[in-house]
Each structure stands twice: as structure tokens, then as C-alpha cells.
1. For a quick check of your reading of the model, give me the residue pairs whose first member lies in region 43-71 and is touching a residue at least 12 places away in the same chain (Cβ under 8 Å), whose second is assigned to a helix (DSSP H, G or I) and of a type in the set (Ser, Thr, Tyr), with beta-carbon atoms closer than 6 Å and at least 6 apart or on different chains.
2. Could you list, in sequence order, all residues of region 47-75 that are assigned to a helix (DSSP H, G or I), surrounded by fewer than 18 Cβ atoms within 10 Å (Cβ to Cβ) and small (Gly, Ala, Ser)?
3. How many residues does region 249-264 contain that are closer than 23 Å to Met106 by Cβ and surrounded by 12 or more Cβ atoms within 10 Å (Cβ to Cβ)?
4. Just wondering, is there one or more residues in region 266-279 that are more than 27 Å from Gln114 (Cβ to Cβ), out of contact with any Pro (no Cβ under 8 Å at 6 or more places or on another chain) and at pLDDT below 85?
5. Tally the residues that are assigned to a helix (DSSP H, G or I), touching a residue at least 40 places away in the same chain (Cβ under 8 Å) and farther than 13 Å from Leu101 by Cα, restricting the search to region 11-40.
6. How many residues does region 156-175 hold that are among the polar types (S, T, N, Q) and within 14 Å of Lys143 (Cα to Cα)?
Amino acid sequence: MATRNHRASFFPEDNLNSYLRRIRTYPMLEATEEADLARSWRDRQDAAAMERMVTSHLRLVAKIAMGYRGYGLPVADLIAEGNVGMMQAVNKFDPERGFRLATYAMWWIRASIQEYILHSWSLVKMGTTAAQKKLFFNLRKLKAHIGALEDGDLRPEQVSEISMRLQVSETEVINMNRRLGGGDHSLNAPLREEGEGEWQDWLVDDTDDQEVMVGDAEEFTGRRALLHDALKGLSDRERHIITERRMKESPSTLQNLSDRYGISRERVRQIEVRAFEKIRKTVKNAVIDQRIMH
């Protein structure tokens, strides 16, 4: 299992410029060499093979991390989190799939960096859904595109355009823009200059009680187990297509899957629909069986 035990090699704890110079010395891998190393790691847990795959892609991690500098977090920390994603990618990489490690690893690197930003940028959790995460990481770029980078609230027409482009509600756009512009404030800050009362005194706990939370958690776990079992009933191709099309934050296009499997885009779409119907039917039958048992 890839862990942080390789920290001395993979993490920029020394001077950042020195680290960036050092990673440029690691040679890139040819496709055949990369596949051989991936098999050595997969089949024999060869740590040396794993390290060569990671170090040869540290420049890719650094390049991706640099694209997230606008969130005010240390670049070294962004790179370190990206390296965690790189190690996870190597650990799960299958050379028999026919694509290069860099293509596969980019998703893991970005996901690791984005999760770090979401948990570190604010004391308040910034994104709880895929749509909110998409809004968080694209709002600044879209504001720049439409010339709305000045501080303060967005104009109605700007809110409408961003909402349409990102497929989120206008309310979510307004709230996220204010949260990104407002920063964090202490709940212990006094309400008045004379110091009588704090902001936390006015907070209302509207969260569910423990019984509701436990019930929701059990229901979520049950649904996840049903989905996991339903996926087992699909062929490898069906499982891969439905995962790429329906279960990822950034779904693969029909064209990408068409190129991979050497079939038409319409055929990919048909397989996706068929796989979804199989899952729906399996889950429905499992729910009925559970109700009968209880």
C-alpha cells in the first residue's frame, strides 16, 4: 500500500526552489518501462518500482499544484498533497488498461489537492456536494472571464451567467461568492465594542439529533452496499462504462470511451443505459427482499 513512508523522497519539505530543481533530474519513463514497473508493483509490491513511477511524475504534480496557487495556501503543501494523490494513483494503476500513468494520475492528483484546499481554506467546510466543489474551484475563473473580479456582490446578470454555466442555483452562486470574499471570523468576537456578548451566543443548533444521524448513516451504508453488490453483476466493460459516465465528478465523454473500446458512441450509450437498468433492477429486487424478510 502506498503510504507517506516515502516522505523524504516525495515531499518538498526542503527549500521549494531546491525541490523543484531536484525533481527535474528524475528521468521520464518510456511506455514499456512504465508498464513493467507497474506490474512489478502490482504483482510483487516492489517498492523500488513504485518509487520510480512516482518520482518520474513529480514534475506533473508540481505543475498541477501551481495551478491552485490562487487560494492562498503554501505551494509546498499543495505539492505534498498532490504527491499523496500520485502515490494513490500508482497504487491503483492497472497497466493492462492501455493508457499511460500520467493520464490516470491527473485525476488523483487534482482530487487530493482539491480536498486539501476545501479542508484548509476555511474553518467552515466549503463544499459538501459535487456541485458546490465545482462552484468553489471555478467561480474565480469565471468571474475573471466575465470581468467581475472586484470585491462585493455580483450583479444579477453575472450571477445568472455563472449559474447557467456551472449548472447550479443562483442562490448557491451568491452564497459561495460571499463566503469566498468574507474569510473566517472568530465566533468569540464581541458583538459590541464594550465586549458584552459574543457571536456564538446567537448561534442556534438546528442539526439532527443523534438518533436521526445514526439512522441516516445506516441508511447510507445500506444503499452503498446494495450498489456495490449490483456492480458485481455487471461485466467488466459495463462496470467501467457506468462508473466513468455516472459515478465520477468529471464524467468521461462518450467519445473517450468509444476510442478506448473501439466501438461507436451510440454503442457506448446503449451499454451505459443497459448497465444502469441492470443496477436499478438488482437494487429494487434487493430492497423488496429486505422488506419481505423484515
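The values are calculated or read from the model by the stated rules, or taken from the named source; none is laboratory data. Remember, predicted model here, so these are calculated numbers, not experimental data. Because the Cβ atoms are built from the backbone with ideal geometry, glycine has one as well, and the counts that use them run over all protein chains shown.
1. Ala49/Ser40
2. Those that are assigned to a helix (DSSP H, G or I), surrounded by fewer than 18 Cβ atoms within 10 Å (Cβ to Cβ) and small (Gly, Ala, Ser): Ala47, Ala48, Gly70.
3. Our first condition is that a residue be closer than 23 Å to Met106 by Cβ; within region 249-264, this holds for 249-261.
With surrounded by 12 or more Cβ atoms within 10 Å (Cβ to Cβ) added as a condition, the list becomes 249, 251-254, 256-261.
Residues in region 249-264 being closer than 23 Å to Met106 by Cβ and surrounded by 12 or more Cβ atoms within 10 Å (Cβ to Cβ): 11 in total.
4. No; the residues of region 266-279 include none that is more than 27 Å from Gln114 (Cβ to Cβ), out of contact with any Pro (no Cβ under 8 Å at 6 or more places or on another chain) and at pLDDT below 85.
5. So the count comes out to 3.
6. Within region 156-175, residues that are among the polar types (S, T, N, Q) and within 14 Å of Lys143 (Cα to Cα) number 3.
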